[in-house]
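Before any comments, here is the structure.
The values are calculated or read from the model by the stated rules, or taken from the named source; none is laboratory data. These numbers come from a predicted model, not from an experiment. Please note: Cβ atoms are built from the backbone with ideal geometry, for glycine as well, and neighbour counts cover all protein chains shown. Remember, those area values only see protein heavy atoms, side chains included, never the ligands or the DNA or RNA. Shrake-Rupley method; radii C 1.70, N 1.55, O 1.52, S 1.80 Å.
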Amino acid sequence: MDRSYNPQFQRIGDILVHENIISQDQLNEALANQQTTHEKLGEILIHSGVIAEDQLIGAYSKQLGYRAALESDLYKAELSAAKMLTEEFARHNIVLALRKSNSTIVVAMEDPEDLVAIDSIKRITGLTPDVLVAGPSSLQNALEQVYAKVRQSGEVEDTLSELTVISGEEGQEEEVDLSPENAASEDAPIVKLVNLILQEAIKERATDIHIEPQQQRVNVRIRIDGVLQTIMTPPNSSLSGLVTRIKILSKLNIAERRLPQDGRLTIKSSNREIDVRVSILPTVYGEKIVLRLLDKTGFDFSLKSLGFQDDMFRVFKKVITQPYGMVIVSGPTGSGKSTSLYASLKEIKSESTNITTVEDPVEYQLDGINQIQVHDKIGLSFSASLRSILRQDPDILLIGEIRDEETADIAVKFSLTGHLVFSTVHANDAPSTITRLLDIGIKPFLVGSCLNLVMAQRLVRKICDNCKEVYEPTDEELKLIGLERSRIIDNRIYRGKGCNQCRNTGYHGRTAIFEIIPMTRKIRGLIFDNQNEDVIRLTALDEGMVTLRESGLKKVIDGTTSLQEVKRSTVEDI
């Protein structure tokens with residue numbers, strides 16, 4: 001070790017060489033480029049892909065004697081600290097306040113020796129700045145995200161500033177009209193807060209909203225691309241108003257706080273109609289609300305856009321164009337089963353066919369297809385609807401879900417009498433879907449006769465195109481997921497770094513992975529013999545079935561998703 005080496009007396013290029021981040025040849029090449037471009041050395045090295053921004057910042061912090069701010073720390077900035085500097089000041093000086101104490105405020109800056117900016121921070125906040133050094137692009141991305149939260153929290157604070165919660169004896173509350181045009185002045189803040197939550201969820205493409213009471217606060221989280229993210233935490237005093245407002249909008253009993261309730265409402269705009277399913281559940285800290293958002297006018301998928309690989313697409317397309325039989329898609333709630341079936345109907349619909357669906361709920365409205373909404377309270381159940389549909393001369397039928405033996409029995413009879421039937425079942429994979437149908441009560445010889453294809457599916461998040469980067473996985477990562485390094489092109493795969501466009505998650509949008517079992521003679525024979533799930537799985541694998549895990553790994557190799565996402569969404573193949 002060179003005891004005379006002191007980074008504070010070295011040039012930035014020499015530090016990078018000394019730390020083995022770049023070679024001397026790379027430094028010489030960058031210095032030569034600098035003679036013509038007149039850019040900073042660090043910018044040249046980053047633009048040429050020789051180093052990453054965080055490596056430059058690490059060297060820069062050693063040279064200046066300042067601590068480096070981790071990029072993840074920037075996104076965790078405390079809003080109370082960030083708000084002490086105006087957004088205009090922060091953007092102009094490329095500075096972000098991260099946290100504060102009674103006497104100091106920790107700030108991240110691109111140029112930690114900007115004395116004018118540091119003096120201004122001290123004067124504005126009345127606190128002593130503790131300066132960290134951070135990269136300009138990381139700071140810019142963090143400023144976008146943090147100040148978006150600051151603006152949002154400001155709206156929540158304004159909304160709640162006038163809030164007065166009026167409590168009464170259980171069962172003696174009076175119903176209050178909380179519609180915006182008739183809201184009393186003391187009620188208007190809650191109207192605004194509910195609207196704000198709905199607007200934020202719709203803007204962020206959320207599928208669900210969770211309003212969860214805690215001991216000290218209310219957590220409001222939205223599910224984006226299948227993963228929950230917190231968007232605001234209003235105080236616990238707002239819970240009663242939030243629950244009452246949503247109950248009134250969804251025509252529920254505002255006096256009932258002890259039992260679960262289900263309702264619905266619709267959000268309409270000039271070009272969209274969003275159906276909102278409301279579920280309210282009593283918890284120890286109050287009533288929890290979950291809102292399921294269904295954009296009924298937003299279906300623009302096709303079979304090709306779902307994520308089928310070519311060989312799977314050919315098999316599935318061939319089966320759904322058969323004149324009769326049954327196609328079953330399985331998976332947990334939120335795995336995209338209905339979307340796949342809608343895309344199938346869209347692919348095969350024509351003027352010569354009568355297509356009817358029975359659903360609960362009708363998630364998308366499709367032109368040229370007769371869709372029936374189940375309504376159990378008035379007796380319009382799956383089984384009741386299906387008995388009537390038989391007299392409607394259908395060619396193709398979609399049953400939203402096979403839930404019981406009666407529905408399953410009608411679906412089987414449809415498929416055995418010259419109709420093509422699509423439906424869904426809750427099961428973990430394709431082989432277990434077959435045993436699930438048997439468990440519901442369908443006889444083995446009927447299952448073997450009517451089934452054309454079983455498909456299990458999951459949704460995995462796609463890597464954000466804006467912050468997609470190449471990296472080399474470790475042997476441990478590959479071992480945990482069961483991926484051989486020899487399968488990876490150039491020994492590299494992709495991941496999302498995180499940016500303001502993907503809320504710093506590294507993912508934007510989702511694609512499906514599939515596990516398909518076509519009904520071959522051998523598989524039908526196993527079903528007739530009432531063989532167990534393991535025997536069916538092994539036979540299907542011998543016949544070329546691609547498992548969910550393997551389907552996901554193929555999307556990792558082609559750069560669509562990440563190792564972590566496939567590991568999160570699938571189980572290990574045994």
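Some points to look at:
- Relative contact order for the chain: 8 percent, from Cα pairs under 8 Å spaced at least 6 residues apart, divided by residue count.
- Beta bridges assigned by DSSP with both partners in the stretch 254-401 are antiparallel in approximately 70 percent of cases.
- Model label points for ARG91 and THR474, set 7 angstrom from Cα along the Cα-to-Cβ axis, are 4.0 nm apart.
- Of the residues MET84, MET545, MET455, ranked by 1.4 Å probe accessible area with the largest first, the sequence reads MET84, MET545, MET455.
- When both bridge partners sit in the chain, DSSP labels roughly 65% of those beta bridges antiparallel.
- When Rg and Dmax of the Cα atoms in Å is computed from the coordinates, the matching label among (i) 22.7, 73; (ii) 29.2, 93; (iii) 25.4, 79 is (ii).
- In this simple spin-label approximation, PHE313 and THR266 carry label points 7 Å from Cα along the Cα→Cβ vector, and these lie 3.6 nm apart.
- Listed residues GLU533, GLU287, GLU472, GLU543 arranged by accessible area, highest first, probe 1.4 Å: GLU472, GLU543, GLU533, GLU287
- Computed accessible area, LYS554, all protein chains, 1.4 angstrom probe, square angstrom: 60
- Gain on full extension, evaluated as 0.36 nm per residue between THR520 and ARG487 minus their Cα-Cα distance, stands at 8.9 nm.
- Across all C-alpha atoms in the stretch 101-151, the radius of gyration and Dmax reach 11.6, 30 Å.
- Cα centroid separation - the stretch 330-403 against the stretch 94-150, whole Å: 56
- Proximal charge balance of THR37 [Cβ under 13 Å; K/R count +1, D/E count -1]: -2
- For the stretch 90-104, 3J(HN,Hα) computed residue by residue from phi via the Karplus equation (6.51, -1.76, 1.60; θ = phi - 60°) reads 5, 5, 5, 9, 6, 9, 9, 7, 9, 6, 9, 10, 5, 10, 10 Hz, glycine and proline entered as x.
- Any cysteine of the chain lacking a neighbouring Cys Cβ under 4.7 Å - listed by number: CYS450
- With both labels modelled 7 Å from their Cα along Cα-to-Cβ, the SER23 to SER237 distance reads 6.6 nm.
- Neighbourhood net charge (10 Å Cβ-Cβ; Lys/Arg +1, Asp/Glu -1) for SER385: -1
- Theoretical FRET efficiency, 1/(1+(r/R0)^6), r = Cβ-Cβ of ARG387 and THR104, R0 60 Å, to 0.05: 0.25
- Distance from the C-alpha centroid of the stretch 78-93 to that of the stretch 191-213: 26 Å, rounded to the whole angstrom.
- A helix-only calculation puts the chain at -11500 deg cm²/dmol for mean residue ellipticity at 222 nm, using -39500 (n - 2.57) for each DSSP H run of at least four residues, averaged over all residues.
- Other residues whose C-beta falls under 13 angstrom from the C-beta of VAL284 contribute a net charge of +1, scoring Lys and Arg +1 and Asp and Glu -1.
- Note on the stretch 270-408: the C-alpha convex hull projects to 11.6 nm² when averaged across all orientations.
- Pairwise FRET efficiency - ASP295 versus ASP114, Cβ, R0 = 35 Å, nearest 0.05: 0.15
- In the chain, the portion of solvent-accessible area held by carbon and sulfur atoms comes to 47 percent [1.4 Å probe, whole percent, DNA, RNA and ligands not counted].
- For the set LYS149, LYS555, the ranking by accessible area, highest first and with no ligand, DNA or RNA atoms included, is LYS149, LYS555 under a 1.4 Å probe.
- Taking every protein chain into account, the accessible area of the chain amounts to 51 square angstrom per residue (probe 1.4 Å).
- Euclidean distance between Cα centres, the stretch 512-538 to the stretch 423-502, Å: 18
- Computed E for GLN373/LYS443 - FRET, C-beta separation, R0 30 angstrom, nearest 0.05: 0.45
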